[in-house]
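See below for the structure under consideration.
The values are calculated or read from the model by the stated rules, or taken from the named source; none is laboratory data. All values reported here derive from a predicted model rather than from experimental measurement. We place every Cβ from the backbone using ideal geometry, glycine too, and count neighbours over all the protein chains shown. In case anyone asks, the SASA skips ligands and DNA or RNA and just uses the protein heavy atoms, side chains included. Shrake-Rupley method; radii C 1.70, N 1.55, O 1.52, S 1.80 Å.
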Amino acid sequence: MKILYGVQATGNGHITRARVMAPALAKQGIEVDFLFSGRSPDKLFNMEPFGEYRVRRGLTFSVTDGKIDRWRSLTQNSLIQLVKDIRALDLQEYDLIISDFEPVTAWAAKLQKKPCIGIAHQYAFRYPLPGPGIGRIMMPMIRFFAPVQQGIGLHWHHFNGPILPPLIEAQPYPITVKPGMILVYLPFENREQIRQWLLPFSDYEFHVYCDIDIPEDEQHIFWRPLSRDAFRQAQACCDGVIANCGFGLASEVLQAGKKLLTKPLAGQPEQVSNAAVLRHLGLAEIFTELEEGQFYRWAAQPSPEPVAYPDVAQALARWIHAGCDRSAELLARELWQEVLVEPAIA
(Lines give C-alpha, C1' and ligand atoms only; values in the text may rest on other atoms or scores of the structure.)
Protein backbone atom coordinates (compact mmCIF):
# COMPACT_ATOMS: atom_id res chain seq x y z
CA MET A 1 0.00 0.00 0.00
CA LYS A 2 1.21 3.50 -0.86
CA ILE A 3 -0.28 6.63 0.71
CA LEU A 4 0.00 10.35 0.10
CA TYR A 5 -0.41 12.13 3.44
CA GLY A 6 -1.40 15.80 3.22
CA VAL A 7 -0.78 18.01 6.26
CA GLN A 8 -2.07 21.51 6.95
CA ALA A 9 1.10 23.16 8.27
CA THR A 10 -0.39 26.41 9.61
CA GLY A 11 -0.44 24.92 13.10
CA ASN A 12 2.21 22.70 14.65
CA GLY A 13 -0.46 20.33 15.95
CA HIS A 14 -1.16 19.01 12.45
CA ILE A 15 2.54 18.39 11.89
CA THR A 16 2.85 16.66 15.26
CA ARG A 17 0.02 14.27 14.33
CA ALA A 18 1.82 13.40 11.10
CA ARG A 19 5.05 12.94 13.05
CA VAL A 20 3.27 10.36 15.23
CA MET A 21 1.54 8.62 12.34
CA ALA A 22 4.70 8.26 10.20
CA PRO A 23 6.37 5.46 12.24
CA ALA A 24 3.03 3.79 12.96
CA LEU A 25 2.26 3.52 9.24
CA ALA A 26 5.83 2.38 8.50
CA LYS A 27 5.43 -0.39 11.10
CA GLN A 28 2.51 -1.71 9.05
CA GLY A 29 4.71 -1.80 5.94
CA ILE A 30 2.90 1.14 4.34
CA GLU A 31 4.89 3.46 2.08
CA VAL A 32 4.04 7.12 2.73
CA ASP A 33 4.84 10.36 0.93
CA PHE A 34 4.11 13.63 2.74
CA LEU A 35 2.86 16.96 1.36
CA PHE A 36 2.64 20.08 3.56
CA SER A 37 0.85 23.32 2.77
CA GLY A 38 -0.08 26.53 4.54
CA ARG A 39 3.39 27.57 5.68
CA SER A 40 6.50 28.82 3.94
CA PRO A 41 9.14 26.06 3.60
CA ASP A 42 11.72 28.14 5.50
CA LYS A 43 9.38 28.24 8.53
CA LEU A 44 9.18 24.45 8.84
CA PHE A 45 11.52 22.92 11.42
CA ASN A 46 12.50 19.45 12.71
CA MET A 47 11.07 17.80 9.58
CA GLU A 48 13.48 14.85 9.42
CA PRO A 49 10.79 12.17 10.02
CA PHE A 50 9.12 13.04 6.72
CA GLY A 51 11.95 12.26 4.30
CA GLU A 52 11.70 13.93 0.89
CA TYR A 53 8.46 15.76 1.61
CA ARG A 54 6.76 18.24 -0.72
CA VAL A 55 5.48 21.73 0.09
CA ARG A 56 2.68 23.62 -1.63
CA ARG A 57 1.28 27.07 -0.91
CA GLY A 58 -2.21 25.87 0.05
CA LEU A 59 -4.40 28.09 2.23
CA THR A 60 -3.74 29.68 5.59
CA PHE A 61 -4.84 32.59 7.77
CA SER A 62 -3.03 35.73 8.87
CA VAL A 63 -2.89 36.99 12.44
CA THR A 64 -2.31 40.50 13.80
CA ASP A 65 -1.82 41.01 17.55
CA GLY A 66 -3.59 37.83 18.59
CA LYS A 67 -6.57 38.16 16.24
CA ILE A 68 -7.44 36.71 12.84
CA ASP A 69 -6.80 39.41 10.24
CA ARG A 70 -9.56 38.67 7.75
CA TRP A 71 -8.41 41.16 5.11
CA ARG A 72 -4.81 39.92 5.07
CA SER A 73 -6.02 36.32 5.11
CA LEU A 74 -8.12 37.05 2.05
CA THR A 75 -5.49 39.00 0.12
CA GLN A 76 -2.46 36.83 0.95
CA ASN A 77 -4.06 33.57 -0.16
CA SER A 78 -4.13 32.70 -3.86
CA LEU A 79 -7.03 30.63 -5.10
CA ILE A 80 -5.45 30.61 -8.56
CA GLN A 81 -2.29 28.97 -7.23
CA LEU A 82 -4.36 26.56 -5.15
CA VAL A 83 -6.28 25.41 -8.22
CA LYS A 84 -3.03 25.02 -10.18
CA ASP A 85 -1.49 22.91 -7.41
CA ILE A 86 -4.60 20.73 -7.14
CA ARG A 87 -4.70 20.08 -10.87
CA ALA A 88 -0.94 19.42 -11.08
CA LEU A 89 -0.92 16.82 -8.31
CA ASP A 90 -0.88 13.37 -9.91
CA LEU A 91 -2.28 10.71 -7.57
CA GLN A 92 -2.06 7.75 -9.95
CA GLU A 93 0.60 5.89 -7.90
CA TYR A 94 -1.29 6.11 -4.58
CA ASP A 95 -3.80 3.66 -3.13
CA LEU A 96 -5.11 6.06 -0.50
CA ILE A 97 -4.95 9.75 0.36
CA ILE A 98 -4.94 10.92 3.98
CA SER A 99 -5.65 14.57 4.68
CA ASP A 100 -5.02 16.26 8.00
CA PHE A 101 -7.22 19.17 6.96
CA GLU A 102 -4.96 19.81 3.96
CA PRO A 103 -6.77 21.17 0.87
CA VAL A 104 -4.44 20.33 -2.05
CA THR A 105 -4.41 16.57 -1.46
CA ALA A 106 -8.09 16.44 -0.43
CA TRP A 107 -9.34 18.29 -3.51
CA ALA A 108 -7.00 16.40 -5.86
CA ALA A 109 -8.37 13.14 -4.47
CA LYS A 110 -11.94 14.33 -4.96
CA LEU A 111 -11.32 15.37 -8.57
CA GLN A 112 -9.37 12.20 -9.41
CA LYS A 113 -11.86 9.97 -7.55
CA LYS A 114 -9.22 8.53 -5.23
CA PRO A 115 -10.10 7.08 -1.81
CA CYS A 116 -9.49 9.80 0.78
CA ILE A 117 -9.87 9.83 4.56
CA GLY A 118 -9.41 12.75 6.91
CA ILE A 119 -7.68 12.44 10.27
CA ALA A 120 -7.88 15.70 12.18
CA HIS A 121 -9.36 17.48 15.17
CA GLN A 122 -11.60 19.47 12.81
CA TYR A 123 -13.69 16.43 11.85
CA ALA A 124 -14.96 16.18 15.45
CA PHE A 125 -17.08 19.28 14.74
CA ARG A 126 -19.53 17.09 12.86
CA TYR A 127 -20.90 16.07 16.27
CA PRO A 128 -22.47 18.12 19.09
CA LEU A 129 -19.79 19.58 21.37
CA PRO A 130 -20.14 21.66 24.55
CA GLY A 131 -20.00 25.38 24.00
CA PRO A 132 -21.40 27.95 21.60
CA GLY A 133 -22.42 25.71 18.67
CA ILE A 134 -19.28 26.30 16.65
CA GLY A 135 -19.95 23.17 14.59
CA ARG A 136 -22.66 24.96 12.60
CA ILE A 137 -20.02 27.49 11.55
CA MET A 138 -17.22 24.99 11.04
CA MET A 139 -18.93 22.28 8.98
CA PRO A 140 -19.47 24.23 5.73
CA MET A 141 -15.85 25.41 5.93
CA ILE A 142 -14.59 21.86 6.59
CA ARG A 143 -16.51 20.49 3.60
CA PHE A 144 -15.12 23.21 1.34
CA PHE A 145 -11.60 23.46 2.75
CA ALA A 146 -10.58 19.79 2.74
CA PRO A 147 -13.35 17.45 1.49
CA VAL A 148 -12.88 13.78 2.39
CA GLN A 149 -14.93 10.62 2.00
CA GLN A 150 -14.59 9.73 5.68
CA GLY A 151 -13.49 12.09 8.44
CA ILE A 152 -12.00 10.75 11.68
CA GLY A 153 -12.38 13.37 14.40
CA LEU A 154 -10.20 13.67 17.50
CA HIS A 155 -11.05 15.32 20.82
CA TRP A 156 -10.55 15.25 24.60
CA HIS A 157 -13.82 13.38 25.07
CA HIS A 158 -16.05 11.32 22.81
CA PHE A 159 -19.24 13.27 23.72
CA ASN A 160 -21.26 10.15 22.81
CA GLY A 161 -20.03 10.24 19.22
CA PRO A 162 -17.50 8.29 17.10
CA ILE A 163 -14.70 10.67 18.10
CA LEU A 164 -11.23 9.29 18.85
CA PRO A 165 -8.90 10.40 21.66
CA PRO A 166 -6.05 12.81 20.81
CA LEU A 167 -3.37 11.54 18.47
CA ILE A 168 -0.15 12.66 20.16
CA GLU A 169 3.33 11.30 20.70
CA ALA A 170 4.45 10.01 24.07
CA GLN A 171 6.53 12.41 26.17
CA PRO A 172 10.16 11.26 25.64
CA TYR A 173 11.46 12.87 28.86
CA PRO A 174 10.68 12.04 32.50
CA ILE A 175 7.89 14.16 33.97
CA THR A 176 9.17 16.35 36.81
CA VAL A 177 8.20 19.76 38.20
CA LYS A 178 10.56 22.72 38.51
CA PRO A 179 8.60 25.08 40.82
CA GLY A 180 7.96 28.48 39.29
CA MET A 181 9.06 27.53 35.74
CA ILE A 182 6.32 28.40 33.25
CA LEU A 183 6.46 27.31 29.61
CA VAL A 184 4.94 29.87 27.23
CA TYR A 185 3.92 29.33 23.60
CA LEU A 186 1.78 32.14 22.16
CA PRO A 187 2.79 32.20 18.47
CA PHE A 188 -0.17 34.37 17.43
CA GLU A 189 0.49 37.11 19.97
CA ASN A 190 2.62 40.21 19.57
CA ARG A 191 5.98 39.70 21.32
CA GLU A 192 5.78 43.04 23.09
CA GLN A 193 2.33 42.11 24.40
CA ILE A 194 3.73 38.85 25.78
CA ARG A 195 6.56 40.80 27.38
CA GLN A 196 4.16 43.22 29.06
CA TRP A 197 2.06 40.33 30.36
CA LEU A 198 5.02 38.50 31.92
CA LEU A 199 7.25 41.28 33.26
CA PRO A 200 5.22 41.92 36.46
CA PHE A 201 5.62 38.31 37.64
CA SER A 202 9.29 38.49 38.56
CA ASP A 203 9.01 35.64 41.07
CA TYR A 204 8.39 33.23 38.18
CA GLU A 205 10.66 32.02 35.37
CA PHE A 206 9.12 32.12 31.90
CA HIS A 207 10.53 30.10 28.99
CA VAL A 208 8.95 31.61 25.88
CA TYR A 209 9.32 29.73 22.57
CA CYS A 210 8.93 32.01 19.58
CA ASP A 211 10.18 32.77 16.07
CA ILE A 212 13.73 33.97 16.83
CA ASP A 213 17.11 32.69 15.68
CA ILE A 214 19.15 32.78 18.90
CA PRO A 215 18.22 32.64 22.62
CA GLU A 216 17.67 35.93 24.44
CA ASP A 217 17.51 36.35 28.24
CA GLU A 218 15.59 39.30 29.66
CA GLN A 219 15.41 39.30 33.46
CA HIS A 220 13.08 36.41 34.33
CA ILE A 221 11.91 35.94 30.70
CA PHE A 222 13.93 33.50 28.61
CA TRP A 223 13.16 33.82 24.90
CA ARG A 224 13.98 30.61 23.03
CA PRO A 225 13.99 29.69 19.30
CA LEU A 226 11.54 27.10 18.06
CA SER A 227 12.79 23.56 18.59
CA ARG A 228 10.63 20.49 18.95
CA ASP A 229 13.10 18.64 21.20
CA ALA A 230 13.93 21.60 23.45
CA PHE A 231 10.23 22.40 23.77
CA ARG A 232 9.39 18.84 24.87
CA GLN A 233 12.17 18.97 27.45
CA ALA A 234 10.78 22.21 28.87
CA GLN A 235 7.27 20.77 28.77
CA ALA A 236 8.36 17.75 30.80
CA CYS A 237 9.83 19.75 33.69
CA CYS A 238 7.76 22.96 33.78
CA ASP A 239 5.33 23.92 36.53
CA GLY A 240 2.62 24.98 34.06
CA VAL A 241 1.94 26.06 30.48
CA ILE A 242 0.55 29.30 29.04
CA ALA A 243 -0.50 28.87 25.41
CA ASN A 244 -3.03 29.60 22.72
CA CYS A 245 -5.87 27.13 22.48
CA GLY A 246 -4.57 24.79 19.78
CA PHE A 247 -5.69 21.19 20.10
CA GLY A 248 -2.32 19.44 19.79
CA LEU A 249 -0.38 21.34 22.44
CA ALA A 250 -3.28 21.28 24.90
CA SER A 251 -3.44 17.50 24.45
CA GLU A 252 0.27 17.16 25.24
CA VAL A 253 -0.11 19.33 28.33
CA LEU A 254 -3.01 17.20 29.60
CA GLN A 255 -1.04 14.04 28.91
CA ALA A 256 1.93 15.38 30.91
CA GLY A 257 -0.22 16.41 33.86
CA LYS A 258 0.61 20.12 33.68
CA LYS A 259 -1.79 22.92 34.52
CA LEU A 260 -2.84 24.97 31.50
CA LEU A 261 -3.71 28.66 31.17
CA THR A 262 -4.91 29.20 27.63
CA LYS A 263 -5.95 32.07 25.37
CA PRO A 264 -8.13 31.24 22.34
CA LEU A 265 -7.12 33.03 19.17
CA ALA A 266 -9.76 35.72 18.62
CA GLY A 267 -11.82 35.12 15.50
CA GLN A 268 -10.73 31.48 15.14
CA PRO A 269 -13.82 29.28 15.71
CA GLU A 270 -11.85 26.11 16.43
CA GLN A 271 -9.88 27.70 19.27
CA VAL A 272 -13.02 29.35 20.69
CA SER A 273 -14.64 25.91 20.77
CA ASN A 274 -11.53 24.32 22.30
CA ALA A 275 -11.61 26.85 25.11
CA ALA A 276 -15.29 26.08 25.80
CA VAL A 277 -14.63 22.32 25.87
CA LEU A 278 -11.61 22.67 28.17
CA ARG A 279 -13.69 24.78 30.54
CA HIS A 280 -16.57 22.29 30.40
CA LEU A 281 -14.26 19.38 31.21
CA GLY A 282 -12.48 21.34 33.95
CA LEU A 283 -9.14 20.82 32.23
CA ALA A 284 -7.83 24.39 31.87
CA GLU A 285 -8.33 28.02 32.78
CA ILE A 286 -9.09 30.53 30.02
CA PHE A 287 -7.90 34.14 29.63
CA THR A 288 -8.16 36.95 27.12
CA GLU A 289 -5.91 39.44 28.92
CA LEU A 290 -3.42 38.11 31.49
CA GLU A 291 -4.42 39.68 34.80
CA GLU A 292 -2.43 39.52 38.03
CA GLY A 293 -5.14 37.94 40.16
CA GLN A 294 -5.97 35.24 37.64
CA PHE A 295 -2.33 34.37 37.05
CA TYR A 296 -1.51 33.95 40.73
CA ARG A 297 -4.65 31.88 41.35
CA TRP A 298 -3.78 29.62 38.43
CA ALA A 299 -0.08 29.37 39.35
CA ALA A 300 -0.97 28.33 42.92
CA GLN A 301 -3.01 25.37 41.71
CA PRO A 302 -1.49 21.89 42.12
CA SER A 303 -0.54 19.90 39.06
CA PRO A 304 -3.48 17.88 37.70
CA GLU A 305 -3.41 14.14 37.24
CA PRO A 306 -1.95 13.14 33.83
CA VAL A 307 -4.46 11.90 31.26
CA ALA A 308 -3.26 8.54 29.94
CA TYR A 309 -4.34 8.55 26.30
CA PRO A 310 -4.06 5.27 24.36
CA ASP A 311 -1.83 4.70 21.33
CA VAL A 312 -4.23 6.09 18.75
CA ALA A 313 -1.58 6.14 16.00
CA GLN A 314 -0.98 2.40 16.11
CA ALA A 315 -4.73 1.69 16.17
CA LEU A 316 -5.30 3.95 13.15
CA ALA A 317 -2.35 2.47 11.25
CA ARG A 318 -3.73 -1.06 11.75
CA TRP A 319 -7.18 0.14 10.72
CA ILE A 320 -5.79 1.73 7.53
CA HIS A 321 -3.68 -1.34 6.71
CA ALA A 322 -6.82 -3.49 7.02
CA GLY A 323 -8.60 -1.33 4.46
CA CYS A 324 -10.54 0.92 6.87
CA ASP A 325 -13.10 -1.87 7.02
CA ARG A 326 -14.22 -1.42 10.65
CA SER A 327 -16.56 1.39 11.64
CA ALA A 328 -15.24 4.54 13.30
CA GLU A 329 -17.80 3.95 16.06
CA LEU A 330 -16.23 0.61 17.00
CA LEU A 331 -12.71 2.01 16.80
CA ALA A 332 -13.65 4.93 19.06
CA ARG A 333 -15.40 2.68 21.58
CA GLU A 334 -12.36 0.41 21.90
CA LEU A 335 -9.92 3.30 22.35
CA TRP A 336 -12.01 5.19 24.91
CA GLN A 337 -12.18 2.07 27.07
CA GLU A 338 -8.53 2.78 27.87
CA VAL A 339 -9.04 6.34 29.10
CA LEU A 340 -11.55 8.17 31.28
CA VAL A 341 -12.02 11.93 31.26
CA GLU A 342 -14.92 13.03 33.41
CA PRO A 343 -16.59 16.28 32.28
CA ALA A 344 -17.10 18.95 34.90
CA ILE A 345 -20.72 19.78 35.68
CA ALA A 346 -21.62 22.56 33.26
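Checked against (1) in contact (Cβ under 8 Å) with a residue 12 or more places away in the chain; (2) open to solvent by 40 Å² or more (accessible area, probe 1.4 Å); (3) outside any loop (DSSP other than H, G, I, E, B), Pro304 meets all criteria but (3). Kindly provide the set of residues from the stretch 41-79 that are part of a helix (DSSP H, G or I), modelled with pLDDT under 85 and open to solvent by 100 Å² or more (accessible area, probe 1.4 Å), ordered by number. Matches in the stretch 41-79: Asp42, Arg70, Trp71, Leu74, Leu79.
Using the structure shown, decide if Gln233 is touching a Phe, Trp or Tyr at 6+ places or on another chain (Cβ under 8 Å), open to solvent by 40 Å² or more (accessible area, probe 1.4 Å), in contact (Cβ under 8 Å) with a residue 40 or more places away in the chain and among the polar types (S, T, N, Q). Against the criterion (touching a Phe, Trp or Tyr at 6+ places or on another chain (Cβ under 8 Å), open to solvent by 40 Å² or more (accessible area, probe 1.4 Å), in contact (Cβ under 8 Å) with a residue 40 or more places away in the chain and among the polar types (S, T, N, Q)), Gln233 qualifies.
Only residues that are modelled with pLDDT of 95 or more and among the basic types (Lys, Arg) were counted in the stretch 160-194, giving 1.
Remark: pairs (first residue in the stretch 166-179, open to solvent by less than 80 Å² (accessible area, probe 1.4 Å); second residue among the aromatic types (Phe, Trp, Tyr) and outside any loop (DSSP other than H, G, I, E, B); Cβ separation under 8 Å; 6+ apart in sequence or on different chains) = Pro166/Phe247. Within the stretch 146-161, identify whether any single residue is open to solvent by 30 Å² or more (accessible area, probe 1.4 Å), in a loop (DSSP other than H, G, I, E, B), over 24 Å from Asp100 (Cβ atoms) and touching a helix residue (DSSP H, G or I) at 6+ places or on another chain (Cβ under 9 Å), and answer yes or no. No: the stretch 146-161 contains no residue that is open to solvent by 30 Å² or more (accessible area, probe 1.4 Å), in a loop (DSSP other than H, G, I, E, B), over 24 Å from Asp100 (Cβ atoms) and touching a helix residue (DSSP H, G or I) at 6+ places or on another chain (Cβ under 9 Å). Applying the criterion of being more than 14 Å from the chain's Cα centre (by Cα), among the small types (Gly, Ala, Ser) and at negative phi to the residues of the stretch 241-277, the residue that is most open to solvent (accessible area, probe 1.4 Å) is Ala266. So for the stretch 278-288 (the condition being under 24 Å from Leu44 (Cα atoms), under 20 Å from the mean Cα position of the chain (by Cα) and either buried (at least 22 other Cβ atoms within 10 Å of the Cβ) or modelled with pLDDT of 90 or more (or both)), does at least one residue qualify? Within the stretch 278-288, none of the residues are under 24 Å from Leu44 (Cα atoms), under 20 Å from the mean Cα position of the chain (by Cα) and either buried (at least 22 other Cβ atoms within 10 Å of the Cβ) or modelled with pLDDT of 90 or more (or both). Filtering the stretch 110-140 to residues that are open to solvent by 70 Å² or more (accessible area, probe 1.4 Å), within 24 Å of Ala88 (Cβ to Cβ) and aliphatic (A, V, I, L, M) leaves only Leu111.
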